[in-house]
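Undergrad: I have a structure I would like to understand better, so I am pasting it below and will then ask my questions one at a time.
The values are calculated or read from the model by the stated rules, or taken from the named source; none is laboratory data. Keep in mind that this is a model prediction, so the values were computed, not measured. Heads up, the Cβs are rebuilt from the backbone with ideal geometry, glycines too, and the neighbour counts pull from every protein chain shown. Heavy atoms of the whole protein, side chains included, go into the accessibility calculation; ligands, DNA and RNA do not. Shrake-Rupley method; radii C 1.70, N 1.55, O 1.52, S 1.80 Å.
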Amino acid sequence: MYGAQLIQALRRCEPSLEFFGVGGDRMRAAGCDTVVDSKDLAVVGISEILSHLPNIWRLFHKLIAEADKRHPDLAIVIDSPAFNWRVARQMHKRGIRVVYYVCPQFWAWRQGRVRLLRKYIDKALVIFPFEEKFYRDRGVNTTFVGHPLADLPLPEVDRAVYAAQYQLDAAKPWITLMPGSRVKEVRMNLPTILESAASLGSDYEFLLPVAPTIDRDFLKSLIEGDSLIRLVSDAMPALVQSCAGIIAGGTATVEAALMGTPFVMVYRVSPLTYLLGRPRVKVPHFAMVNLIAGEEIVPELVQQDFTAENVVARINNLIPDGPARQKMIAGFAGVRTRLRGLPEGEGHAVARAAEAIMSELGTSYVGSVFDDSTQAKTTK
C-alpha cells in the first residue's frame, strides 16, 4: 500500500519515472513492474522463517540480477529489514543511492543494527515521530515525513448498501476481525479470535477483511462452517462501520485507531519465537498505537494472555458508550495528530516522502512541479 501511494505521488510529479522491484497487486496497479511478488516474502517469526530461506534467497538474487540488467538511478526499500538491508547493501556496492522508507523498528529491538542503515542508506524517511531523533542520534541521515495513513479520509460507506453487499444485518453492531497479514500470523491468531467471536455470539456481525497478502480461499478454509463470519474486501470501510475490533499487532492497529474504532490488540507467535525474541524487545508496549501515544490506550493481549475469555471481557468493556470507550477514542485523536507531523492542510506524508526522494534523484521541487524531466528508473 505504501509503495503504491509513493509511486502515484512520484508519477504526479514526474510522469516519465519507471519502477520495478518487489510488490503486490496495488503496486502493479500503480505501474510497478513486480519482478518479485511480495506474497512470496510474507513470512514472520524467527523460527518460522527458516524453512522459507531457500526461496527467499532465490528471490533476492532474482531482484539483484534484474537491477544489474536495468541499472536503476535510485533504490527505495520499504520496511522488511531482514530482506531489505541486504538489497540496500547490494545497491550501495553498485554506487546506487538508497532511500529507506518506513524504517526498521530497530528502536524496539536489535538496536545495534542501526549501523547497517548508517553504512548503506543515503536517506531514511521515517513515519513515526520518535524515530527521527533515534536515528539521527546514531548518525543516520533521517527525516520524519509523517505516517501515510494519517492523511487518509474516513471512507464514505452507505451502511445499508454495504450490508446488502456482504449479507450483513445492518441493525446489529459489527465487529471487525484482523488476524494478521501473513499466513503464519493468521494460523496463530485466527483460531482464538474465532473462539472469541463465538462467545460474543449472534448478537453481532463479524467482518473479516481479506489482507492483500492472504489468499481468500485460505481464509475460507479456516472459517468453513462458521456462519457468524463474513469475508470482506477492504479493512477501512469495515472498521468505520464497526463498533469494535479484535486486531492483531502491527499496522492494522494504526489503521483501526485512525478509523476511530475501539479495539483490543492481540498477538501470538510460536513458543520458540517468543522465547528467543521477548528478552530483546526494548519498548514498553507491543501495540504500535500505544508506542505512539506514549501510554497504553488499547489493551494488549499477547501470548498466554491472548485467550477468548480475556478478549470477550475487553470487548464487552469497550462496546458500551461509556468512559472506557470515550477515553480510547480521545487517545486515537492524539495518535492521528502525532502521526501527521504537520497541522492539517500543510502537506501529506506521501507528498513529503516523494519530495525527499526526488531530491535524492537530484531534482528540485517547486509546488507540484519537478523541473527535471530526465527519465529515471527506480527499484523498490
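Undergrad: Over the C-alpha atoms of the range 186-344, what are the Rg and the largest Cα-to-Cα span, Dmax, in Å?
TA: In order Rg, Dmax, the Cα atoms of the range 186-344 give 15.7, 48 Å.
Undergrad: D for the range 143-270, whole µm²/s, Stokes-Einstein with Kirkwood Rh over alpha-carbon pairs at 25 °C and 0.890 mPa s: what number?
TA: Value of D from the Cα-based Kirkwood radius: 164 µm²/s.
Undergrad: Still on this structure: Give the accessible area for ARG216 in Å² (nearest 10); use a 1.4 Å probe, count only protein heavy atoms, and leave out ligands, DNA and RNA.
TA: Ignoring ligands and nucleic acids, ARG216 comes out at about 90 Å².
Undergrad: Now for a separate question. May I ask for the net charge around THR261, where only other residues with Cβ less than 15 Å from the Cβ of THR261 are counted and Lys, Arg are +1 while Asp, Glu are -1?
TA: Overall, the nearby charge balance is +1.
Undergrad: Across every pair of different alpha-carbon atoms, what Kirkwood hydrodynamic radius in Å does the chain reach?
TA: 21.8 Å
Undergrad: GluC sites (Glu not before Pro) within the range 148-255: which are DSSP loop residues with at most 15 other Cβ atoms inside 10 Å?
TA: GLU156, GLU224
Undergrad: If DNA, RNA and ligands are ignored and the probe is 1.4 Å, what is the ranking of SER221, SER196, SER16 by accessible area, most exposed first?
TA: SER221, SER16, SER196
Undergrad: Something else: Among all the aspartates and glutamates, which ones have a C-alpha under 12 Å from LYS62's C-alpha, if same-chain residues fewer than 8 places away are not counted?
TA: Once the sequence-local aspartates and glutamates are set aside, what remains near LYS62 is ASP37.
Undergrad: To continue, here is another question. Give the ranking of THR337, THR307, THR273 by solvent-accessible surface, highest area first, calculated with a 1.4 Å probe.
TA: I get THR337, THR307, THR273, largest accessible area first.
Undergrad: Give me the accessible area per residue for the chain, probe 1.4 Å, as a whole number in Å².
TA: I get 45 Å² per residue for the chain.
Undergrad: Return the carbon/sulfur percentage of the accessible area of the range 109-216, one whole number, probe 1.4 Å, all protein chains in place.
TA: Of all accessible area on the range 109-216, carbon and sulfur atoms account for 49 percent.
Undergrad: Report, ordered by chain and residue number, the aspartates and glutamates lying within cross-link reach of LYS39, taken as a straight Cα distance under 13 Å and ignoring same-chain residues fewer than 8 apart.
TA: Partners found: ASP25, ASP215.
Undergrad: I need the calculated FRET efficiency for the pair ASP137 and ILE329, taking r as the beta carbon distance and R₀ as 35 Å, to the nearest 0.05.
TA: Calculated transfer efficiency: 0.55.
Undergrad: Just subtract the alpha-carbon distance of GLU156 and ASP25 from 0.36 nm times their residue separation and send over the number in nm, one decimal.
TA: Working: separation 131, 0.36 × 131 = 47.16 nm, distance 2.31 nm.
Roughly 44.9 nm would be gained on extension.
Undergrad: So, one more: Not counting ligands, DNA or RNA, and with a 1.4 Å probe, what is MET188's accessible surface area in Å² rounded to the nearest 10?
TA: Surface open to solvent at MET188 totals about 40 Å².
Undergrad: Can you send over the solvent-accessible area of VAL35, 1.4 Å probe, protein chains only, in Å² to the nearest 10?
TA: 20 Å²
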